[in-house]
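Novice: Can you keep this structure in mind? I'll have questions shortly.
Bear in mind these aren't lab numbers, they're just calculated from the coordinates by the rules spelled out. Nothing here was measured: the structure is a model prediction, and the numbers come from that model. Note that each Cβ is placed from the backbone with ideal geometry, even for glycine, and that neighbours are counted across all protein chains shown.
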């Protein structure tokens, strides 16, 4: 493990330990100390970040903006069916393209390896991937009552500053492509995470390839 990776692991461990200690409660029946459910959720958030439900810019604020733009929101009872239909359509339209469609509760995550999306060290979408993004955009346009986060990630090669910038540029490039194909900008937000949220080991070429990715998170705008 590199010094940089070891340092990050140590910092993450310290943060998790702090969460666990601060979240201990006493069981009134046994007198034993245990970690509260809230603390467990906090640990999950530290490990998973946006994957566990966070939304860039705030869920309520963005829902209000979408409703204010005349797009509307989904009635609570209809959220599951709405996202089921969108998931089915998205899987059909991206089948065989290298895009993974992951269902997380009532949210969808599209994971696009940068090897099929971008050339090395570039943020311009490769021409051969544009038809796939066209299908993604068409599906997003068909199901407009959702908020969309476009998230850029890199492996650990190169400096942190370079990777951060590249991840931001790639997220913005995908978001720009979507807005150019009919997706309302009010639905979109972008963020680059650089090398800070790997999904595989950066010690192997295969792991690095998985970490170089752009993700599109799709979250229903629910009527409050």
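Novice: For the ranges 130-138, 212-220, what's the packing order if you count other beta-carbon atoms within 10 Å of each residue, average per peptide, and put the highest first?
Specialist: 212-220, 130-138
Novice: If one puts a single equal scatterer on every Cα of the range 68-196 and applies the Debye formula without solvent, what log₁₀ I(q)/I(0) results at q = 0.11, 0.20, 0.22 Å⁻¹?
Specialist: Those come out to -0.40, -1.21, -1.39, one per q.
Novice: Follow-up. Evaluate the distance, in nm, between pseudo-label points positioned 7 Å from the Cα of residue 162 and of residue 97 along their respective Cα→Cβ axes.
Specialist: Computed distance between label sites residue 162 and residue 97 equals 3.0 nm.
Novice: In which sequence would 181, 153 go, from the one with the fewest C-beta neighbours within 10 Å to the one with the most?
Specialist: Sorted ascending by nearby Cβ count, the order is 181, 153.
Novice: Something else about it: How would you rank 61, 149, 155, 54, going from fewest to most other Cβ atoms within 10 Å of each one's own Cβ? Display every interim value, and only then the final one.
Specialist: Values: 61 10, 149 24, 155 21, 54 14.
Listing 61, 149, 155, 54 from fewest to most nearby Cβ atoms yields 61, 54, 155, 149.
Novice: Something else now. Arranged by the count of other C-beta atoms within 10 angstrom, fewest first, what order do 56, 108 take?
Specialist: Values: 56 18, 108 23.
The fewest-first ordering by Cβ neighbours comes to 56, 108.
Novice: Now a separate question. In terms of the ratio Rg/(2.2 N^0.38 Å) built on C-alpha atoms, what value belongs to the range 149-214?
Specialist: 1.18
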